[in-house]
1. For residue 147, all conditions in the list (1) in contact (Cβ under 8 Å) with a residue 40 or more places away in the chain; (2) surrounded by 19 or more Cβ atoms within 10 Å (Cβ to Cβ); (3) more than 21 Å from residue 92 (Cβ to Cβ); (4) within 14 Å of the ligand (Cβ to nearest atom) hold save one; what is the number of the exception?
2. Can you name the helices (runs of 4 or more DSSP H) wholly within region 7-60 that have at least 3 residues being touching a Gly at 6+ places or on another chain (Cβ under 7 Å)?
3. Could you run through region 23-56 and say how many residues are within 16 Å of the ligand (Cβ to nearest atom) and loosely packed, with under 13 Cβ neighbours inside 10 Å?
4. Go over the candidates 157, 130, 124 one by one and state the one that is touching a residue at least 40 places away in the same chain (Cβ under 8 Å) and out of contact with any helix residue (DSSP H, G or I) (no Cβ under 6 Å at 6 or more places or on another chain).
5. If only one of 94, 181, 100, 118 is at pLDDT below 95 and either part of a helix (DSSP H, G or I) or under 30 Å from residue 43 (Cα atoms) (or both), which one is it?
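The values are calculated or read from the model by the stated rules, or taken from the named source; none is laboratory data. Since the structure is predicted, the reported quantities are computational estimates derived from the model, not experimental observations. Cβ coordinates were reconstructed from backbone atoms using ideal geometry, including for glycine residues, and neighbour counts include every protein chain displayed.
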Amino acid sequence: MAHEKIELPYSFDALEPHIDAQTMEVHYSKHHEAYASKMNEVLAKYPDLADQNPEDLLTKIDSIEMDSADKKKFINFGGGYVNHNLFWEIMGPEKEIDNELVGKIEAKWDSVDNFKKEFNGLAGTLFGSGWTWLVENAQGELELYNLPNQDSPLSKGHKPILTLDVWEHAYYLKYQNRRPEYIENWWNVVKLVP
Ligand code: MN
């Protein structure tokens, strides 16, 4: 049974002007579609895994039985599928992040501004393609880091909380080489209200 993309919770133009409609449409309908279908192609070879939640499979990636080339594909395409599903969900035209998380961020980074500065610095210096992650580690503490490609924090035993897609396909149509501007503007569609 194939896994479907989550439905986008808003229209392609809902995040304008920060993220333009054309980028959203290509990103969701083409890139995300490719991750979903290629993940399903790999899983179709493993009926006992195909019905399991892709998040669970990434969490126990080391122990699942899969040919190593297929496992690499699943890390890439299954990771792409899972990462983008979270990315679509955390954004929104009026999206505000809950107070409990903001409180935890302030406790660790002193202020939302400090947190954003560190997050933006990581996203701005990520070399190649990847994502910047806010996660909860196994001790329940918040952590910030970059991961390359479509690698998931789930495979490190971490719970993904917030994430920014820093692949060029996420911003290039509108921002070209102005990645810092994309990063800065992204916070308009993921609001951390102190
Ligand atoms: Mn992407």
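1. Result: residue 147 fails condition (1) only.
2. Here the list reads 54-59.
3. Counting residues in region 23-56 that are within 16 Å of the ligand (Cβ to nearest atom) and loosely packed, with under 13 Cβ neighbours inside 10 Å gives 1.
4. On the way: 130 fails: touching a residue at least 40 places away in the same chain (Cβ under 8 Å); 124 fails: out of contact with any helix residue (DSSP H, G or I) (no Cβ under 6 Å at 6 or more places or on another chain).
Just a single option satisfies the conditions, and that option is 157.
5. None of the others qualify; the one that does is 100.
Per-residue answers, yes or no, for (1) within 16 Å of the ligand (Cβ to nearest atom); (2) exposed (fewer than 14 other Cβ atoms within 10 Å of the Cβ):
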position: 59; (1), (2): no, no
position: 67; (1), (2): no, yes
position: 74; (1), (2): no, no
position: 77; (1), (2): yes, no
position: 95; (1), (2): no, no
